[in-house]
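Each remark here refers to the structure printed beneath this line.
The values are calculated or read from the model by the stated rules, or taken from the named source; none is laboratory data. No experiment lies behind these values; they were computed from the predicted model shown. Methodologically, a virtual Cβ is constructed for each residue, glycine included, from the backbone with ideal geometry; neighbour enumeration extends over all protein chains shown. Each accessible area value is taken on the protein alone, full model and side chains, heavy atoms only, with ligands, DNA and RNA left out. Shrake-Rupley method; radii C 1.70, N 1.55, O 1.52, S 1.80 Å.
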Amino acid sequence: MKIALMDSGIGLLAATAAVRRLRPDADLILSLDPDGMPWGPRTPEDLTGRAVAVAEAAAAHRPDALIIGCNTATVHALPTLRARLEPALPVVGTVPAIKPAAAGGGPVAIWATPATTGSPYQRGLIEDFGGGATVTEVPCPGLAEAVEHADEAAIAASVAAAAALTPDDVTTVVLGCTHYELVAERIRAAVQRPGAPRLVLHGSAGAVAAQALRRIGALPHPGAPARGTLTVLLSGREGTLPAAALAYAEGRLLRSVTPAR
């Protein structure tokens, strides 16, 4: 089994680690775009062009499924990628986990990039899946970039700024950018109110990994032999994980995966 994941940077680590835990025997292909990052400020057309190039670099390795490990790329490029690659290569996008978060009933905050916050896309998800829950959109300027570079001071400042915009009565936070899942516990610590029930966080990595397996008719097998290999593509060139990836538990998990020969 071979699973590919794509993103401009290391936001794909959370979903990659989730795949690794579900199927340690799966070969992994990570296709990043250091030459074109960040994707967020690009026009939808430009971003889609970068995403297609990164996806096709991964597809050349003949994976069984491709995960778009980026919310922004999913919004803009998923239809194009599916049109180009499916049905031969199933493509799985990443969508904020608004539906399960709202099912809890309590006030919900969605932490997302400034470009996504207030966008028709996110507002549509809230309308379709928010149910009766009170949902607050919280912009997080600079947080994805800080996580990408493992800049501890910038992460702390961005998390504190977003926490200050999060209503005190929020019981659930949706991590609406894949980078945020890498600092989930720091977000929890910043938003958790003294004496309140433990804050619930909803990321997308586990659901995306499980959906990729479903699309190819495979079952989770966490006890499988950890024989899966790792291939890293940097704007189409074979390379290694960025150094910043090793600042996070998800990246360190992959350090033990044998590079593909």
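Brief remarks on what is shown
- The translational diffusion coefficient of the range 112-222, from Stokes-Einstein at 20 °C and 1.002 mPa s with a Kirkwood hydrodynamic radius over alpha carbon pairs, comes to 140 µm²/s.
- 14 Å cut-off, amide nitrogen to a point 7 angstrom out along Ala249 Cα→Cβ, residues in the range 174-191: 181-189
- Cα long-axis angle, helix 71-85 against the chain (0 to 90 degrees, to the nearest 10): 30
- Mean projected area (nm²) of the alpha-carbon convex hull when the range 114-159 is viewed from all directions: 3.7
- On the principal axes of its alpha-carbon atoms, the range 55-112 has extents of 45, 18, 17 Å, going from largest to smallest.
- Relative contact order (%) - the range 171-261, alpha-carbon pairs under 8 angstrom, separation at least six: 25
- The chain, accessible surface, carbon-and-sulfur percent (1.4 angstrom probe): 56
- In the chain, the longest principal axis of the Cα atoms and the axis of helix 205-215 are about 40 degrees apart.
- Rough spin-label spacing in nm, given labels placed 7 Å along Cα→Cβ, for Val200 and Thr134: 1.6
- Rounded Å value of the spacing that divides the Cα centres of the range 186-261 and the range 2-65: 12
- Estimated vicinal HN-Hα couplings, Hz - the range 180-189 in sequence order (Karplus 6.51, -1.76, 1.60; Gly, Pro = x): 5, 5, 6, 10, 4, 5, 5, 5, 4, 4
- Shape parameters for the chain, alpha-carbon atoms, Rg then Dmax in Å: 17.6, 53
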